[in-house]
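Presented below is the structure to which this report refers.
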């Protein structure tokens, strides 16, 4: 019975892995020379500097410096209360570019969308226009991030 369960588990993993490879774009983020990678994870942050966002951003900068952070992962709800209105929405600068200014936070931000982001123009956050405005911003509908040397 255990062998059959293991076979189904392996087949399921191969099926998911095979579908994933065919459907999602892959991006690379290299590790440090010793093979390590340090990520800072944040969600529910886009508040135009209010509701302690600026204070949290400051502490993130301190922590990222101490931890030698390689990348930042945003788990969504990037812009409160209702996402962005379009790619020119000033909330992008007021909630992201002008807030996370510490040198240690000038890393790649891998972002996904949360429910509040979909209340606005979700495609605005996915647009390469925002990446052109701030090179730290990376947001796509779906992707796989490979890490390794």
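Go through segment 34-63 and report how many residues are over 22 Å from residue 90 (Cβ atoms), part of a loop (DSSP other than H, G, I, E, B) and in contact with a helix residue (DSSP H, G or I) (Cβ under 8 Å, 6 or more places away or on another chain).
Counting residues in segment 34-63 that are over 22 Å from residue 90 (Cβ atoms), part of a loop (DSSP other than H, G, I, E, B) and in contact with a helix residue (DSSP H, G or I) (Cβ under 8 Å, 6 or more places away or on another chain) gives 1.
Being assigned to a helix (DSSP H, G or I) and either farther than 25 Å from residue 33 by Cα or at pLDDT 95 or above (or both) narrows it down to one residue among 85, 104; which is it? Quick ask: steps written out before the conclusion?
Working: 85 fails: assigned to a helix (DSSP H, G or I).
After applying the criteria, what remains is 104.
Evaluate segment 89-96: report whether one residue or more is assigned to a helix (DSSP H, G or I), within 30 Å of residue 34 (Cα to Cα), at pLDDT 95 or above and over 16 Å from the mean Cα position of the chain (by Cα). Before the answer, list the steps.
Step one: list which residues in segment 89-96 are assigned to a helix (DSSP H, G or I), which gives 91-96.
Remaining after also requiring within 30 Å of residue 34 (Cα to Cα): none.
Checked against the condition, which is being assigned to a helix (DSSP H, G or I), within 30 Å of residue 34 (Cα to Cα), at pLDDT 95 or above and over 16 Å from the mean Cα position of the chain (by Cα), segment 89-96 yields no hits at all.
Among the candidates 43, 82, which residue alone is in contact with a strand residue (DSSP E or B) (Cβ under 9 Å, 6 or more places away or on another chain) and surrounded by fewer than 19 Cβ atoms within 10 Å (Cβ to Cβ)? Reasoning before the result, please.
Numbers: 82 fails: in contact with a strand residue (DSSP E or B) (Cβ under 9 Å, 6 or more places away or on another chain).
Exactly one residue qualifies, and that residue is 43.
Need the failing condition index for residue 20 against (1) in a helix (DSSP H, G or I); (2) modelled with pLDDT of 90 or more; (3) within 22 Å of residue 113 (Cβ to Cβ), just the number.
The one condition residue 20 does not meet is (2).
Let me spell it out: the conditions are (1) under 17 Å from residue 40 (Cα atoms); (2) touching a helix residue (DSSP H, G or I) at 6+ places or on another chain (Cβ under 8 Å); (3) at pLDDT below 95, and residue 144 meets all of them except one. Which number is the exception?
Condition (1) is where residue 144 drops out.
Looking for something touching a residue at least 24 places away in the same chain (Cβ under 8 Å) and at positive phi - is there at least one such residue anywhere in segment 118-137?
Narrowing segment 118-137 to residues touching a residue at least 24 places away in the same chain (Cβ under 8 Å): 118-122, 124-125, 127, 129-130, 133-134, 136-137.
Now restrict to residues that are at positive phi: none.
Within segment 118-137, none of the residues are touching a residue at least 24 places away in the same chain (Cβ under 8 Å) and at positive phi.
Just to be sure I understand, how many residues within segment 119-141 are out of contact with any strand residue (DSSP E or B) (no Cβ under 8 Å at 6 or more places or on another chain) and farther than 14 Å from residue 87 by Cα?
Taking segment 119-141 as the starting set, the residues that turn out to be out of contact with any strand residue (DSSP E or B) (no Cβ under 8 Å at 6 or more places or on another chain) are 119-124, 127-129, 132-135, 141.
Cutting the leftovers down to farther than 14 Å from residue 87 by Cα gives us 119, 135, 141.
Residues meeting the conditions: 3.
At pLDDT 95 or above, part of a helix (DSSP H, G or I) and surrounded by 14 or more Cβ atoms within 10 Å (Cβ to Cβ): does that describe residue 66?
Numbers: at pLDDT 95 or above: yes; part of a helix (DSSP H, G or I): yes; surrounded by 14 or more Cβ atoms within 10 Å (Cβ to Cβ): no.
Answer is no for this residue.
The values are calculated or read from the model by the stated rules, or taken from the named source; none is laboratory data. What you are looking at is a predicted structure, and each value in this text was computed from that prediction instead of being measured. All Cβ positions, glycine included, derive from the backbone under ideal geometry; neighbour counts span all protein chains shown.
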